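One structure is given below, encoded as structure tokens.
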Amino acid sequence: MIFDPVYWLVIGLGMALSLGAQAMVKGRFKKYSQLGTRSHMTGAQIAERILADNGIRDVTVEPVRGNLTDHYDPTSKTLRLSEPVYASNSMAAFGIAAHEVGHAIQHAQGYAPLKFRSAWVPVASTGGGISMFIIIAAFFLGGAATAWGSMFAWLGIGLFATTTLFTLVTLPVEFDASRRAMACLKGRYVNDEEYAGAKSVLDAAALTYVAAFATSLMTLLYWAMQLGLLGGRRD
């Protein structure tokens with residue numbers, strides 16, 4: 001199994017997609033972090049402005065350590081911006097801060113995909129955590145060729161699929177947050193050049209979620225074929 005070249009091809013493609021997407025995000029963030037905006041507002045200030053524009057007054061904006069660690073916490077209604085975003089007036093800071101506000105707007109409006117993703121987190125975490133143990137057991141039990149192997153195979157693939165579903169649902173959540181962010185910025189807080197810079201950073205960030213889904217899906221299909229659930233078992 002570990003010597004299967006297809007396995008290493010899947011792992012290699014997944015790593016290449018992930019590393020490539022991350023490199024693009026870091027490169028664009030570095031580039032547009034050096035380009036300021038005409039308003040001279042910081043990421044924290046633009047976040048607070050957009051929250052107010054949308055009538056959201058119960059979300060707190062606070063700094064968090066690290067780079068690209070920005071996130072919105074719906075449980076505490078806290079928008080946390082990384083240090084290079086919180087106090088910066090760059091195009092990159094505007095894009096990322098607005099994107100996180102996009103999640104706060106989704107939460108305030110009860111956006112269904114966000115609600116589903118939040119509820120699905122413990123399911124995906126548990127399923128992903130134990131799926132490989134069951135898949136390995138299914139492999140040694142003969143996979144789809146035996147009754148016990150088939151049962152374990154379907155269970156393992158089903159559990160692994162919970163993480164694949166999570167990465168799939170993440171796509172519309174993240175794309176929609178970016179769409180909302182750019183709509184809030186356009187015309188009012190940024191000019192055309194600043195808009196393009198902020199959007200470039202968010203477009204690159206979106207690729208990381210696409211890479212995560214593609215990697216999870218390839219891995220799921222690989223194990224389904226390896227266990228004989230799709231296309232017959234590979235020897």
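With respect to the stated conditions, Ile46 fails to be crowded, with 20+ Cβ neighbours inside 10 Å and touching a Cys at 6+ places or on another chain (Cβ under 6 Å).
Helices (runs of 4 or more DSSP H) fully within the range 74-164 that include at least 2 residues being of a type in the set (S, T, N, Q) and on the phi < 0 side of the Ramachandran plot: 112-140. Can you name the residue in the range 204-229 that is under 22 Å from the mean Cα position of the chain (by Cα) and without any contact (Cβ under 8 Å) to a residue 40 or more places away in the chain and is also surrounded by the most Cβ atoms within 10 Å (Cβ to Cβ) among such residues? Of everything passing the filter in the range 204-229, Ala206 is surrounded by the most Cβ atoms within 10 Å (Cβ to Cβ).
Return a yes/no flag: does the range 24-37 have any residue that is closer than 21 Å to Leu185 by Cβ, among the hydroxyl-bearing types (Ser, Thr, Tyr), in contact with an Asp or Glu (Cβ under 9 Å, 6 or more places away or on another chain) and surrounded by fewer than 18 Cβ atoms within 10 Å (Cβ to Cβ). Checking the range 24-37: not a single residue is closer than 21 Å to Leu185 by Cβ, among the hydroxyl-bearing types (Ser, Thr, Tyr), in contact with an Asp or Glu (Cβ under 9 Å, 6 or more places away or on another chain) and surrounded by fewer than 18 Cβ atoms within 10 Å (Cβ to Cβ). Tell me the residue from Ala183, Ala198 that is under 23 Å from Asn54 (Cα atoms), touching a strand residue (DSSP E or B) at 6+ places or on another chain (Cβ under 7 Å) and either modelled with pLDDT of 95 or more or assigned to a helix (DSSP H, G or I) (or both), please. On inspection, the qualifying residue turns out to be Ala198. Considering (1) buried (at least 21 other Cβ atoms within 10 Å of the Cβ); (2) under 20 Å from Leu68 (Cβ atoms), the lone condition that Thr164 does not fulfil carries the number (2).
The values are calculated or read from the model by the stated rules, or taken from the named source; none is laboratory data. If you're wondering where the values come from, they're calculated on a predicted model, not measured in any experiment. Neighbour counts run over all protein chains shown; Cβ positions are idealised from the backbone, glycine included.
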